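Note sheet for the following structure.
The values are calculated or read from the model by the stated rules, or taken from the named source; none is laboratory data. On a predicted model such as this, the values are computed, not experimentally measured, just so you know. Here the Cβ is made from the backbone with ideal geometry for all residues, glycine too, and neighbour counts use every protein chain on show.
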């Protein structure tokens, strides 16, 4: 249960700080706001990796948890517990954001300018970006990396910054179903209508990453 609570707390922090920064900086208004939001999400992951990594592994993302399930790093029971904790944490964060930023978009994901209104482009973007992100997670945390495992949290956080720098233009960047569900519930409207993209896309991307990792994985 401690692992599930840790995942709940970690996902709350990621969603609250990342989406909170997006709202505070009016993400998309200019280049600085995009960079600032990307850094906020990445640093949130780094902070949580070194806070709860020793408790739960700091997935704080259902897509990562799915990738770990497919690659045999986690069981079905823990997968369910992790994802439940993550979604609850994100929903609590969404409620907190609504209280602090009423009337805003709450940092919810959507079909951005880069997609030209196309849901299929948004979906493909989320699949590719999530696959790259989860692949980094699977590789950086693999036991055969030895001492470099100590820097896994930093590598993952920095990669998330890069992912956001590319993805914000298309979808606001999800690569994390929980992070999308929390704000969307309270934002409503198009955020809820398009939510399926940010659930299906990251999960498909996670499966792609797991398959790619199995192709290159070196057994202990």
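Whether a residue is modelled with pLDDT under 95 and closer than 20 Å to residue 59 by Cβ was assessed, and residue 173 does not pass this test.
Screening residue 29 on (1) without any contact (Cβ under 8 Å) to a residue 60 or more places away in the chain; (2) more than 20 Å from residue 82 (Cα to Cα); (3) in a helix (DSSP H, G or I) shows it passes everything except condition (3).
Checked against the criteria, residue 131 does not count as part of a helix (DSSP H, G or I), over 13 Å from the mean Cα position of the chain (by Cα) and buried (at least 19 other Cβ atoms within 10 Å of the Cβ).
Listed here are the residues, each with its yes/no results for (1) closer than 21 Å to residue 82 by Cα; (2) crowded, with 18+ Cβ neighbours inside 10 Å.
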position	(1), (2)
138	yes, yes
144	no, no
179	yes, yes
187	no, yes
213	no, yes
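Examine the stretch 4-12 for a residue that is buried (at least 17 other Cβ atoms within 10 Å of the Cβ) and closer than 25 Å to residue 112 by Cα, and state whether such a residue exists. Looking through the stretch 4-12, at least one residue is buried (at least 17 other Cβ atoms within 10 Å of the Cβ) and closer than 25 Å to residue 112 by Cα. Checked against the criterion of being at pLDDT 95 or above and crowded, with 24+ Cβ neighbours inside 10 Å, the candidates 95, 122 yield just one match: 122. For residue 183, the criteria (1) over 12 Å from the mean Cα position of the chain (by Cα); (2) not in a helix (DSSP H, G or I) hold in every case but one, which is (2).
Can you confirm whether residue 200 is touching a helix residue (DSSP H, G or I) at 6+ places or on another chain (Cβ under 8 Å), surrounded by fewer than 16 Cβ atoms within 10 Å (Cβ to Cβ) and touching a residue at least 12 places away in the same chain (Cβ under 8 Å)?
Criteria met by residue 200.
Scanning the stretch 150-197 for residues that are at positive phi and touching a residue at least 60 places away in the same chain (Cβ under 8 Å) gives 172, 173, 175.
Checked against (1) outside any helix (DSSP H, G or I); (2) modelled with pLDDT under 95; (3) surrounded by 18 or more Cβ atoms within 10 Å (Cβ to Cβ), residue 153 passes all but condition (1). Within the stretch 38-46, none of the residues are farther than 19 Å from residue 155 by Cα and either touching a strand residue (DSSP E or B) at 6+ places or on another chain (Cβ under 8 Å) or modelled with pLDDT of 95 or more (or both).
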